[in-house]
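Okay, so here's the structure we're looking at.
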Amino acid sequence: MTSSKVTPLKATPVDTSAAAQAHTDSNGNPRPVLQVEGVNKIYANGTVALKGADLTIRQGEFVSLLGPSGCGKSTLLRIMAGLGDVTTGTVRFWEQGYDVVGDKGRKLAFVFQNATLMPWARVRKNVRLPLDLEHQSGAETERKIDDALEMVGLKGFDNAFPRELSGGMQMRASIARAMVTEPNLLLMDEPFGALDEMTRNKLNDDVLKLWQKNGWTIVFVTHSVYEAVYLSSRVVVMAARPGRIVDDISIDQPFPRNSDFRVSTEFAGYCRQVSQALERASAMGQPQEVKA
Amino acid sequence: MSAPLIQNESFVKVAAPLAVGVLFLLIWEIAVQALEMPKYILPGPIEIFKALIDGWQPLLGALYITLKVTFLAFLIAVVLGVAASLLFVQSKWIEMSLFPYAVLMQVTPVVAIAPLIIIWVDDTTWALTVCAVIIAIFPIISNTTLGLRSVDPNLLSMFRMYRTSRWQELVRLRIPGALPYFFGGLRISSGLALIGAVVAEFVAGTGGAKAGLAYMILQSGYNLQIPRMFAALLLITLTGIALFALMVWLSDRALRNWHESALEVEH
């Protein structure tokens, strides 16, 4: 149904070296999970949403996309998910050193800005939706659902309806739904933007824990510098008009991170660095000339 | 004692309109008696009630005929209307090509085409049913189609991400999401089915054993049995109210777990 340009569609061995098999490339970096190469996205009305986007997401990374509104960060995320066409360029998925494998191999999950639950279905039914859609059933499936619910802290809420849950808990259900498929890549589009700060901090900590524990790879869209620095191993800064990637900052701080990190000088330093990058990016996005 | 009862909203909701009704009937009866109004012009409520009791057998028979046509028409309208909606959402092309004809059917006065239908359809019951279906079907089609289209775009994206078939999308996403709209259509349509059944009978002018409430009203009018006319009218009104209440109950049962329309407001 969606006509995303994910190429190529058949398995092509690209790197069969021992290094690739061992989840690292020749430079010793973790193997890539996804590569965005020269992606341009131009809407029918001529708006350039993305210009020359190059980005490699590697196994186990927590990458935040940060930028002013209109910089195309959500567009880029949707393209990664195969939810939008690219005008030119490619999005490549990798698995075990192979170019993936078409649609079937793309095990990814998306967490939307809103919880996006089915209001008519109970929590458990919502969480199991991806498995239902893949026609999975049986004891193993039920165990996966139990695990996911327990990990996000919704154990015992199986039979609640979404409207009976708080915003934070709805988001937890949404994360549990993303988890059940055990995705290679978890894409999150400003997932906690609508929540109050306390709930948001708590969920940030919980997502970090889950990320570390399960060895996930996450791409996380946010407009909060603090959230980006706190969570990420890498912050990708984007600018608007046209939407493009302008900076790529590694946050070289150990995990697990906790509230001590939030008040550390390192945290403040990175926040300053990222804020400055964001300011430069915002300045770039300003209209340079006013047409009469 | 009375203060808390007055503050109880659900009590007031029933009591207030009931009080208005009783007051109205009382004034009506007093006025009719005081003015010595002849009952072939305006009978009082007591007279009407008497007519209802005395003529219960033909009235009930006529009610049965009208109910039969109403329910038959309603059922057919629901089945055909939902089928049409499901067809419409399959493609924008189908909807664009066919929807104007659904509108055409809606705006053509059934009174104007009823004589034709009566010529074409031999059996009176079926002729009336066809007329009532034409009146009742439109709200089902338009509401259900709207509902099937009103899908959370993010949920739809998610379904597409998992490469879901159209069938799964329909069954798991579109149909449950369309239920509140469908029930909205049902409420309107149930009343219209009754109106259709009555109006069609006025036009068709049935007679004999297959006569419904509309014919009873006509007949009573000719015979100046005005109290019986009112009694038949009362039965039609009560039927309409009962149908509406049934639809509200149904929709409440189906949606109460999740939809805003069926939530109880807490004070």
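The values are calculated or read from the model by the stated rules, or taken from the named source; none is laboratory data. These figures come from a predicted structure and were not determined experimentally. Positions of Cβ are generated from backbone atoms using ideal geometry, with glycine treated the same way; all protein chains shown enter the neighbour counts. Heads up: the accessible areas ignore ligands, DNA and RNA and are worked out on the full protein's heavy atoms, side chains in. Shrake-Rupley method; radii C 1.70, N 1.55, O 1.52, S 1.80 Å.
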Per residue convex hull volume, Cα only, the stretch A:45-92, in Å³ is 92
If exposed means GluC sites (Glu not before Pro) lying in a DSSP loop and surrounded by at most 10 other beta carbons within 10 Å, then the longest stretch of chain B lacking such sites spans residues B:37-263
The helix B:124-149 Cα axis meets the longest alpha-carbon principal axis of chain B at an angle in degrees, between 0 and 90 and rounded to 10, of 40
Rounded to the nearest 10 Å², the 1.4 Å probe accessible area of residue B:66 is 10
In whole percent, the fraction of accessible protein surface over the stretch B:51-255 that belongs to carbon or sulfur atoms, probe radius 1.4 Å, stands at 72
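What average number of partner chain Cβ atoms lie no more than 10 Å from the Cβ of the residues making up A:113-120?
Partner-chain Cβ atoms within 10 Å, mean over residues of A:113-120: 5.
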Among beta bridges assigned by DSSP with both residues in the protein assembly as shown, the antiparallel ones amount in percent, to the nearest 5, to 55
For residue A:159, the net charge from surrounding residues (Cβ-Cβ under 14 Å; K, R +1; D, E -1) works out to +3
In this structure, the FRET efficiency calculated for residue B:19 and residue A:196 from their beta-carbon separation, with R0 = 60 Å, to the nearest 0.05, is 0.80
Under a 1.4 Å probe, counting only protein heavy atoms, residue A:219 has an accessible area in Å², nearest 10, of 0
Links exceeding 24 Å between C-alpha atoms in this model, out of A:155/A:202; A:73/A:107; A:51/A:209; A:41/B:92; A:125/A:155; A:51/B:92, come to A:51/A:209; A:41/B:92; A:51/B:92
When every protein chain stays in place and a 1.4 Å probe is rolled, B:259, A:223, A:135 sorted by accessible area with the largest first are A:135, A:223, B:259
For residue A:226, the accessible surface traced by a 1.4 Å probe with all protein chains present amounts, in square angstrom to the nearest 10, to 140
Two pseudo-spin positions, 7 Å from Cα along C-beta at residue B:50 and at residue B:237, lie apart in nanometres by 2.0
Heads up, the protein assembly as shown by the C-alpha gyration tensor (a ≥ b ≥ c square roots of eigenvalues; a/c under 1.5 rounded, else a/b over b/c prolate, else oblate) looks prolate
In square angstrom to the nearest 100, the accessible surface buried at the B/A interface, both sides summed with a 1.4 Å probe, amounts to 2300
Put B:167, A:216, B:28 in order of accessible area, largest first, probe 1.4 Å, and you get B:167, B:28, A:216
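Under 8 Å for C-alpha pairs, at least 6 residues apart: give me the relative contact order for the stretch B:72-145, rounded to a whole percent.
56
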Residue B:32 neighbourhood, Cβ < 9 Å, K/R = +1, D/E = -1, net charge -2
Order by accessible surface, 1.4 Å probe, largest leading, for residues A:238, B:161, A:198 comes to A:198, B:161, A:238
In terms of the alpha carbon gyration tensor, root eigenvalues a ≥ b ≥ c, rounded if a/c is under 1.5 and otherwise prolate when a/b exceeds b/c or oblate, chain B is oblate
For chain B the mean separation of alpha carbon contacts under 8 Å (6+ apart) over residue count, i.e. relative contact order in percent, is 24
Per the helix-only model, chain B has a calculated mean residue ellipticity at 222 nm (DSSP H runs of ≥4, -39500 (n - 2.57) each, divided over all residues, rounded to the nearest 500) of -26500 deg cm²/dmol
Computed over the stretch A:26-88, protein heavy atoms only, probe 1.4 angstrom, the accessible area per residue in square angstrom equals 37
Counting other chain Cβ atoms within 10 Å of each Cβ in B:189-196 and taking the mean gives 0
